[in-house]
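Here, each number is a calculation from the coordinates, and none is a lab measurement. Computed from a predicted structure; not experimentally measured. All Cβ positions, glycine included, derive from the backbone under ideal geometry; neighbour counts span all protein chains shown.
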Amino acid sequence: MTLDAISIGEGCRLVSCDIPLRTRSKLETMGLVPGEYIRVIQSNGAGLIIEVKRSRLAIAHDLARCLIVS
């Protein structure tokens with residue numbers, strides 16, 4: 001399942017990322033690493049707002065489709 005399939009208010013764990021290394025490194029510095037708990041706060045036409053380690057991040061839908069969660 002990918003992150004864009006998670007409903008608002010639900011949580012999940014990041015399993016893997018199918019994205020270029022440079023983008024993955026940037027996300028890792030913001031706390032988005034495999035095994036980390038993620039909660040979807042909001043979803044709109046532009047993307048998702050997620051909570052990771054008490055921080056909120058905005059992620060585009062196309063990027064959310066590349067993040068595998070369970």
> Does region 47-69 include one or more residues that are touching a helix residue (DSSP H, G or I) at 6+ places or on another chain (Cβ under 8 Å), among the hydrophobic types (A, V, I, L, M, F, W, C) and in a loop (DSSP other than H, G, I, E, B)?
Replying inline: no
> Looking at region 40-54, which of its residues are in contact (Cβ under 8 Å) with a residue 40 or more places away in the chain and over 12 Å from the mean Cα position of the chain (by Cα)?
Replying inline: none
>> Which numbered condition in (1) assigned to a loop (DSSP other than H, G, I, E, B); (2) surrounded by 12 or more Cβ atoms within 10 Å (Cβ to Cβ) is the only one that residue 9 fails?
In response: (2)
> Within region 6-29, can you find the residues that are under 17 Å from residue 69 (Cα atoms) and without any contact (Cβ under 8 Å) to a residue 40 or more places away in the chain?
Replying inline: 7, 8, 9, 10, 11, 24, 27, 28
>> Given the condition surrounded by fewer than 12 Cβ atoms within 10 Å (Cβ to Cβ), among the basic types (Lys, Arg) and within 11 Å of the chain's Cα centre (by Cα), answer yes or no: does some residue in region 23-39 qualify?
In response: no
